[in-house]
1. Counting Lys +1, Arg +1, Asp -1, Glu -1, what net charge surrounds A196 among other residues with beta carbon under 14 Å of its beta carbon?
2. Please determine, in degrees from 0 to 90 and to the nearest 10, the orientation of helix 413-425 with respect to the longest principal axis defined by the Cα atoms of the chain, where the helix direction is its Cα long axis.
3. What order do you get for 435-444, 94-103, 349-358, 115-124 when each peptide is scored by the mean count of other beta carbon atoms within 10 Å, highest first?
4. Ranked highest first by average number of other Cβ atoms within 10 Å, how do 76-85, 14-23 line up?
5. Within 10 Å, count the other beta carbons around each residue, average over each peptide in 268-275, 363-370, and list them highest first.
6. Shape verdict for the stretch 348-455, please, from the Cα gyration tensor: rounded (a/c under 1.5), prolate (a/b greater than b/c) or oblate.
7. What number, rounded to the nearest 500 deg cm²/dmol, is the helix-based mean residue ellipticity at 222 nm of the chain, given -39500 (n - 2.57) per DSSP H run of at least four residues and division by all its residues?
8. Would the chain count as rounded, prolate or oblate if I go by the C-alpha gyration tensor, calling it rounded below 1.5 in a/c and otherwise prolate when a/b exceeds b/c, oblate otherwise?
Amino acid sequence: MRELSCDVAVIGAGTAGIAAHRAALEAGVRSVLIEQGPGGTTCARVGCMPSKLLITAAEAAHEARAAHRLGIHVGEVRIDGRAVLGRMRALRDRFVASVFEGLDRLPEETRLTGRAAFEGPDALRIDDHTRLRFEAAVLATGSSPSVPEPLRGLGPRLLTTDTVFEIEDLPDSLAVLGAGPVGLELAQAMARLGVATSVFDPGDSLGGLSDPDLKRAARAIFSESFDLHLGAKVARGEPDGEGARLGWSGDAEGEKRFARVLAAAGRPPNLHGIGLDRTGARLDDRGTPAYDSRSLLCEGTRILIAGDANADRPVLHEASRQGRIAGRNAARLARGEGAERPERWVALAMVFSDPQIAVVGGGFDPEAGYRIGRADFCDQGRAQAMDRAQGGLRLYADAEGRLAAAELVGPEAEHLGHLLAHAVQDGLDVRRLRDRPFYHPTLEEGLDTALSDLAGG
């Protein structure tokens with residue numbers, strides 16, 4: 001077995017790991033990046049990019065079907081599932097290849113391949129070929145899809161967010177377990193591509209919304225796209241020919257056969273079996289180490305945890321920033337310096353459904369006592385002109401009028417979501433934010449309406 005040493009060991013070559021490795025190298029220390037595979041980052045391979053490619057095709061089909069509302073008649077819309085999925089994979093593979101090209105530009109001597117596990121607080125074993133000693137380490141092992149117990153005997157009938165993009169053709173019917181951002185996006189896309197889709201979730205919310213008004217609006221909107229079962233728990237699943245039969249309980253009980261089942265109920269971090277119990281880290285009952293959310297340093301160790309591995313904010317922009325912070329702090333620890341604790345970004349989450357969803361600053365908090373500003377897109381001029389008059393916007397401000405959070409479901413919410421995140425991050429109050437230009441007619445006028453409501457007219 002080879003014996004190697006370095007200043008910083010980075011475990012995982014996804015978004016956070018690559019960013020950490022580069023940051024450590026830029027800080028002038030000896031960093032080694034360890035990747036088990038398949039690599040290519042979750043976003044490019046099985047996340048953001050393939051899902052958005054599928055959503056784009058679904059939106060094209062939906063717009064063609066709905067064009068008659070504008071006096072445009074396009075004839076029959078025919079979905080070629082193999083062509084849709086083939087285009088998605090071809091472009092997805094280009095995005096993954098670009099990630100690998102970036103990795104290939106890193107010095108070869110700074111990269112190792114294999115499964116890494118801790119042998120102690122300062123040593124890793126990589127498969128059976130290398131022992132690597134380090135001064136500090138970054139844990140960026142990513143996440144894997146969760147499969148509920150009732151689905152584990154379904155074999156190839158079961159899809160996960162890692163395998164759904166590999167199917168050759170669209171199924172006739174699909175059950176989606178999970179109404180969070182990923183489940184909602186994929187369910188609506190599949191439904192618009194002609195798949196008879198049902199969504200099951202034991203909760204009462206869609207896409208991470210918490211505001212009672214917006215939850216009700218979202219339920220009404222999305223139940224028009226697919227068969228929606230909120231408050232329902234899938235209690236059993238069994239093979240039924242080439243498909244699967246599911247039974248569920250909750251607000252209502254039922255049973256139905258589906259051609260395929262998609263588990264979209266979360267992606268827990270990849271932390272088991274890597275020897276964290278040998279590092280001195282304080283672990284909870286799920287094996288997750290206690291860590292500081294700003295420095296990313298695990299308590300009692302010289303190990304930092306970044307990206308999906310810490311299950312805090314599993315989105316790409318956070319993983320990239322966390323990777324940079326972890327890499328710089330790992331370099332500082334390797335030199336005997338203390339870790340820095342930069343301020344966190346305001347939380348920003350988005351769902352690329354139609355209408356889109358954005359949650360800023362954690363969204364609605366019934367215990368915070370926030371003042372609430374309201375605007376609806378149902379009667380907003382630009383939304384009506386676009387034939388997309390659905391949903392609404394809620395702003396939450398503290399007693400001094402400072403904007404603290406927001407939630408919205410509506411057309412092009414990704415753009416308003418960014419504006420609101422920047423406003424919260426910059427500590428703007430209602431008066432200062434309202435004193436900005438709002439062009440007419442735009443969707444952004446909805447923000448002006450909500451601000452006016454907060455300001456009392």
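1. +2
2. 60
3. Packing proxy ranking, top to bottom: 349-358, 115-124, 94-103, 435-444.
4. 14-23, 76-85
5. 268-275, 363-370
6. It is prolate, given that a/c is not under 1.5 and a/b is the larger ratio.
7. Here the helix-only value at 222 nm equals -9500 deg cm²/dmol.
8. Oblate, since a/c reaches 1.5 and b/c is not below a/b.
Readers should treat all values here as calculations from the given coordinates under stated rules, not as data from a laboratory. Note that this is a predicted model, so its numbers are computed, not measured. Neighbour counts are summed over all protein chains in view; Cβ atoms, including those assigned to glycine, are modelled from backbone coordinates with ideal geometry.
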